[in-house]
Amino acid sequence: MIGRGRNAERSIAVTMRYGRVPGIDKPLSRLVQGTEGHTLARQAELEDLFDGVFELGCNTFDTAFVYGGGQSESVLGGWIDRRGLRDRVVVIDKGAHPRQGRPRVTPADIASDLATSLERLRTDYVDLYLLHRDDPSVEVGPIVEALNAHREAGRIRAFGGSNWTAARVRAANEYAAAHGLTGFAASSPHLSLAVPREVPWPGCVSLSGPAGEADRRWYAETGMPLLIWSSLAGGFLTGRYRPDNLQTFQDPIEKLVIGSYCTDENFRRLDRIEHMAGRLGLTAPQVALAWLFRQPLNLFALVGCRTAAECRENLAALAVAATLPDGLD
């Protein structure tokens, strides 16, 4: 019985759904398994997790050059290699993250990060390569040309930007079109029912709330695939954080969640989510994810499931998205 709340009387089919990203010859699962914080010390445990989510239809995995100091890529690459799954999984990787206060959106930094990532992943190509941050002071032309060179060399199948504004993505694709090149195939911003008071990390881009309305409209019109990060607002939309327990959280990541999402308006949204979850026999995270998937956007949700059971729970959100009532925004 999936998504069974106190008042639930029904079971929900748990079937993965898929979409496409231009340039990639494999379908991508709408739920994407994240790997942030994964380390080699947990290799066996994490491979069991990957086995479990893959069996549920999750064939798409998100990692980055900076995750786990590089260990996250190594964990994922080791699992793919040992299972012989390279032709059956989609690897999303990210590079050109700032380091030591220096923006690194340059052709040289992209080439260096990509070469290292391929070695860690034990593969000769990445399905979708995203620039982890943007540097708006850099002209888009040389970046688009560098990414096209890597695509032509077979090191990447498609590319895009993580935390690039819609305006910068549009400028990159206008440059590509004008010069006979391939443009950005996907974008990876934040979007959730919880509107951030401030983005958790410098250089992040959110589509949430009224401020993101124009960019959401552009993405809806173009149909560009969106790889949404932190769709549960770092765990805020699970109900873990309450006005009366915020002083108990001491972990730096938890403090980021509090600073970004713990506002009066977001707590009111959480109340509405939990009320609807009780009526529908779902959990709060399922309702929050279902809201995401009912948006008129070509969405894929990056989720850091800790167990296969969590992945199964999240699958219920795909099933109920189309029938989710209004009243959460």
Exercise for the section: Might you let me know whether segment 177-186 holds any residue that is in contact with a Pro (Cβ under 9 Å, 6 or more places away or on another chain) and closer than 16 Å to residue 253 by Cα? Expected result: no
Problem - Residue count for segment 158-196, restricted to those that are open to solvent by 10 Å² or more (accessible area, probe 1.4 Å) and among the hydroxyl-bearing types (Ser, Thr, Tyr) - result: 3
Exercise for the section: Looking for whichever is aliphatic (A, V, I, L, M) and open to solvent by 40 Å² or more (accessible area, probe 1.4 Å) here; the options are 96, 64, 115. Which one fits? Expected result: 115
Practice task
Name the residue, out of 270, 246, 318, 324, that is more than 30 Å from residue 47 (Cα to Cα), among the hydrophobic types (A, V, I, L, M, F, W, C) and modelled with pLDDT under 95.
Solution key: 324
Completion exercise
Checked segment 236-248 for anything open to solvent by 20 Å² or more (accessible area, probe 1.4 Å) and either in contact (Cβ under 8 Å) with a residue 40 or more places away in the chain or assigned to a helix (DSSP H, G or I) (or both); matches are 238, 246, 247, 248
Fill in the blank from the handout: Those residues of segment 146-199 that are over 19 Å from the mean Cα position of the chain (by Cα), within 24 Å of residue 120 (Cα to Cα) and not in a helix (DSSP H, G or I) come to a total of 3
Handout entry: Every residue from segment 32-56 that is within 14 Å of residue 92 (Cβ to Cβ) and hydroxyl-bearing (Ser, Thr, Tyr)
Key = 35
Problem - Identity of the residue in segment 249-279, in contact (Cβ under 8 Å) with a residue 12 or more places away in the chain and open to solvent by 40 Å² or more (accessible area, probe 1.4 Å), that ends up farthest from residue 195 (Cα to Cα) - result: 279
Exercise for the section: Return the residue satisfying two criteria in turn: it lies in segment 165-219 and is in contact with a helix residue (DSSP H, G or I) (Cβ under 8 Å, 6 or more places away or on another chain) and among the polar types (S, T, N, Q), and of such residues it is nearest to residue 103 (Cα to Cα). Expected result: 165
Exercise for the section: For residue 288, state whether it is open to solvent by less than 20 Å² (accessible area, probe 1.4 Å), at pLDDT below 95 and part of a helix (DSSP H, G or I). Expected result: no
Problem - Yes/no for residue 231 being touching a residue at least 40 places away in the same chain (Cβ under 8 Å), crowded, with 20+ Cβ neighbours inside 10 Å and in a loop (DSSP other than H, G, I, E, B) - result: yes
Handout entry: Evaluation of residue 91 against (1) modelled with pLDDT of 95 or more; (2) closer than 23 Å to residue 34 by Cα; (3) surrounded by fewer than 22 Cβ atoms within 10 Å (Cβ to Cβ) (one fails), failing number
Key = (3)
Exercise for the section: State yes or no: is residue 305 modelled with pLDDT under 95 and closer than 23 Å to residue 206 by Cα? Expected result: yes
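The values are calculated or read from the model by the stated rules, or taken from the named source; none is laboratory data. Because the structure is predicted, anything quoted here is derived from the model rather than measured. A quick note on method: Cβ atoms are made from the backbone with ideal geometry, for glycine too, and the neighbour counts reach across all protein chains shown. Just the protein is used for accessible areas: all its heavy atoms, side chains included, with ligands, DNA and RNA removed. Shrake-Rupley method; radii C 1.70, N 1.55, O 1.52, S 1.80 Å.
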